[in-house]
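The values are calculated or read from the model by the stated rules, or taken from the named source; none is laboratory data. Since the model is a prediction, treat every value here as computed from it, not as a measurement. Glycine gets a Cβ as well: all are built from the backbone with ideal geometry, and neighbour counts include every protein chain shown. Side chains included, ligands, DNA and RNA excluded: accessible areas come from the protein's heavy atoms. Shrake-Rupley method; radii C 1.70, N 1.55, O 1.52, S 1.80 Å.
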Amino acid sequence: MKLNSLLISRDAASLDCLATVLAKLDIETAVAASCAGAVELLAKRQYSAVVMDFDEPGAARAAQMIRLVGSERPPLVVALVPALGPVSGAFQSGIKFVLYKPLKERDVTQSLWDAKQFMRRDRRRAARDEVKALVQLQVAGTTLPAWLRDLSEQGLALQAAEPLSQAKSVPLRFVLPGTAQTVNAIGEVIWADESGRAGLFFSRLTPSSQKYLRDWFARRHAKRKDAVRVLLPLRKSRRSRALVS
């Protein structure tokens, strides 16, 4: 499979330089106009690398989300930072490859050639997780993105960039993988840890969401009955039961 990259920047000069170098390295490119848009794209498609401009709003959180993507082939993240500006945000986000703006084609070529070797080394043959999707949570009046990791008709498990240990009932929505159907629900947090992982039980689902889930699982079971993990039914005396296989 050919290597590909997602560029997150609105800096025309940087995008032109990156596109030129990546084309020479035979790496396909796509461009996202915002960090939020990039995270949505990553929920739908696998990328070999993500080049992120840290001058973009929300770059640090987006970098955390990319690291939590949970794919068998996580993308290599490259940060764009001002030559005279701070780089701590990039390194705190776990990014090891940094390009300094304004970009110089010769330097970028050498750095991305090195990065390409990491992309090749990290490529694996395993298929992508079939239940991965972006979940939008409403926590304390703000939208918190998370990755869907496990799903049943009763609830889901997810990985967020921040812990949900203080949350109880959380409005959420996500698009069912492989469809254009949006599930809207209220999730009751039944377990959460400090790394941002959590399990939520659907305490309320819209009628259309119930139908979407039921039909989606029926199609999955028809293809491969043992493919889905389920959430054990909750008992009133044991509200803390977690998602299990």
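Tabulated values for the structure
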| quantity | calculated |
| --- | --- |
| Heavy atoms of Lys2 accessible to a 1.4 Å probe, total area in Å² rounded to 10 | 100 |
| Which of Tyr47, Tyr100 is most accessible, then next, and so on - probe 1.4 Å | Tyr100, Tyr47 |
| Added length on full extension, which subtracts the Cα-Cα distance from 0.36 nm per residue, Phe118 to Glu40 | 25.7 nm |
| In nm, spacing of pseudo-spin labels at Asp107 and Arg10 (7 Å Cα→C-beta vector) | 2.5 |
| Residue pairs, from the table Lys24/Lys101; Lys44/Lys96; Lys44/Lys104; Lys2/Lys96; Lys44/Lys116; Lys24/Lys96, whose Cα atoms sit over 28 Å apart | Lys44/Lys104 |
